[in-house]
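A.B. asks: Take this structure first; my questions come after.
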Protein chains: 2
Amino acid sequence: MEAGCGVGAQTVTLSRNSPQALITSVDISEASLGEARRRASAAGVKNVRFKRADIFELPYVPASFDHVFVCFVLEHLKKPLEALNVLAAMIAPGGTITVIEGDHGSAYFHPDSVAAQKAIQCQVELQRRAGGNANIGRSLYPLLCEAGYREVRVSPRMVYVDSSKPELADGFTRRTFTAMIEGVRDSALKASLLPEDIFDQGIEDLKRTALVDGTFCYTFFKALGVKV
Amino acid sequence: MEAGCGVGAQTVTLSRNSPQALITSVDISEASLGEARRRASAAGVKNVRFKRADIFELPYVPASFDHVFVCFVLEHLKKPLEALNVLAAMIAPGGTITVIEGDHGSAYFHPDSVAAQKAIQCQVELQRRAGGNANIGRSLYPLLCEAGYREVRVSPRMVYVDSSKPELADGFTRRTFTAMIEGVRDSALKASLLPEDIFDQGIEDLKRTALVDGTFCYTFFKALGVKV
């Protein structure tokens with residue numbers, strides 16, 4: 001099961017990496033599922049069935065999945081521990097779970113910038129107010145342990161960018177991370193989290209880190225656990 | 001050349017990893033060199049000669065070294081760029097440099113703690129006042145490039161600790177990082193950087209991250225460059 005597939009950003013990759021698996025991708029949003037279905041269809045994916053469902057009310061028989069994959073989902077949930085418990089119930093004994101999350105507190109860069117740090121904090125604060133946790137990556141280990149998984153192993157996947165890797169400076173620093181922070185501009189200003197000029201300076205300073213003498217660091221966390 | 005060998009914490013490892021090399025380990029402190037000599041002697045090291053010298057006034061013929069190794073040194077220097085320039089002059093064309101530094105801004109942990117962050121900032125600020133830069137790891141790439149090295153490659157070495165690795169929780173989180181921050185307690189309080197109770201709470205909170213449900217992250221940066 002891919003729990004919380006969203007628009008299917010990972011679904012085609014999952015399908016290709018596990019061509020022998022029958023994959024069930026669920027999401028709470030019918031609109032997102034529509035996009036995910038289009039993407040999968042365009043890629044010729046045959047081994048995925050899509051289903052609209054709430055992660056907390058899954059319409060499946062307990063212990064009926066061999067593996068659950070959860071990517072960039074727990075960070076948005078008010079109750080990530082309960083979600084891991086519900087998913088554990090879906091996994092057959094000896095089955096496994098993969099959880100992948102980012103952690104915005106792992107972002108640091110050169111040149112350093114207080115304005116950029118504050119702009120990032122706007123995103124963290126807005127996600128917190130929406131019930132989520134943008135810094136959840138560092139706590140996957142205790143979360144999976146507390147949810148009863150065994151043999152929990154967490155491996156950080158650090159993205160380090162300097163100008164020897166221009167494709168990462170553009171694709172990750174600029175178009176992924178900075179674009180995401182820039183995306184909360186209106187919400188951050190509306191909530192008066194930061195003066196407009198500081199926020200905009202922060203975005204400029206983040207873009208600055210993608211230039212020839214800049215560096216940028218961010219870490220994703222991948223956790224594996226076994227259902228007893 | 002090992003530039004800034006200190007008490008020889010890396011010297012025996014360097015010697016063993018390169019038994020065919022003739023290593024010159026220099027340091028500005030005669031007291032540190034005495035300890036380094038004792039350690040090397042106790043380990044039966046035969047291929048290292050020690051020399052007291054200032055990194056900015058090295059008593060050697062230019063271009064006479066094949067490789068320079070610098071570990072946890074630039075972070076303490078007022079002029080790290082000039083040091084890299086001086087060392088470049090010592091390296092033969094086509095020779096290489098290895099630089100290893102930490103970055104205290106790469107430290108984050110679970111449970112998160114504002115007091116712990118502030119205690120760490122005391123160490124960063126004291127090092128800054130002494131002319132150093134505790135966050136230098138992230139800027140090794142531009143520093144080496146600006147000093148004229150070519151083919152600069154930086155690889156981060158992230159230390160991730162959770163209770164599945166109790167030896168790291170004890171050896172790194174507790175006895176290395178937390179002990180280092182605790183080591184600036186008197187200086188931080190004397191400089192009124194933080195109220196005593198907040199500092200002590202920060203240390204307690206850092207120790208807390210080494211318990212069964214805690215996690216701790218820190219990243220070292222290793223840079224390689226080629227002298228043209």
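A.B. asks: Straight-line reach only, C-alpha to C-alpha below 18 angstrom: list the lysines that residue A:227 could link to, leaving out same-chain residues fewer than 8 apart.
C.D. replies: Those lysines meeting the cut-off do not exist here.
A.B. asks: Continuing with this model, one more query. Over what distance in Å are the Cα centres of the range B:1-75 and the range A:166-206 separated?
C.D. replies: Their Cα centres are 45 Å away from one another.
A.B. asks: Assuming R0 = 45 Å, what is the FRET efficiency of residue B:187 and residue A:61, from their Cβ-Cβ distance, to the nearest 0.05?
C.D. replies: Efficiency, from the Cβ-Cβ distance: 0.10.
A.B. asks: How much of the DSSP bridge set in the protein assembly as shown is antiparallel, in percent, rounded to the nearest 5?
C.D. replies: Of those bridges, close to 60 percent are antiparallel.
A.B. asks: For the range A:118-228, what Kirkwood radius comes out of the mean inverse Cα-Cα distance, in Å? Spell out each step's value before the answer.
C.D. replies: Values: mean 1/r = 0.0634 Å⁻¹.
Its Kirkwood hydrodynamic radius stands at 15.8 Å.
A.B. asks: For chain A, what does -39500 (n - 2.57) per DSSP helix run (n ≥ 4), summed and divided by total residues, give at 222 nm, in deg cm²/dmol to the nearest 500? Before the final figure, lay out the partial values.
C.D. replies: Working: 8 runs with 77 residues, N = 228.
Only helices count here, giving -10000 deg cm²/dmol.
A.B. asks: Just which residue of chain A brings its Cβ nearest the axis of rotation onto chain B, and by how many angstrom, rounded whole?
C.D. replies: Value returned for chain A: A:158, 2.
A.B. asks: Which entries in the list A:118/B:190; B:46/B:79; A:165/B:222 go over 26 Å, if you measure between the two C-alpha atoms of each?
C.D. replies: Numbers: A:118/B:190 30 Å; B:46/B:79 33 Å; A:165/B:222 16 Å.
Pairs exceeding the cut-off: A:118/B:190; B:46/B:79.
Each reported figure results from applying straightforward, stated rules to the coordinates on display, with no laboratory input. As the structure is a computational prediction, the values presented were derived from the model and not from experiment. Every residue, glycine among them, receives a Cβ derived from its backbone with ideal geometry; neighbour counts consider all protein chains shown.
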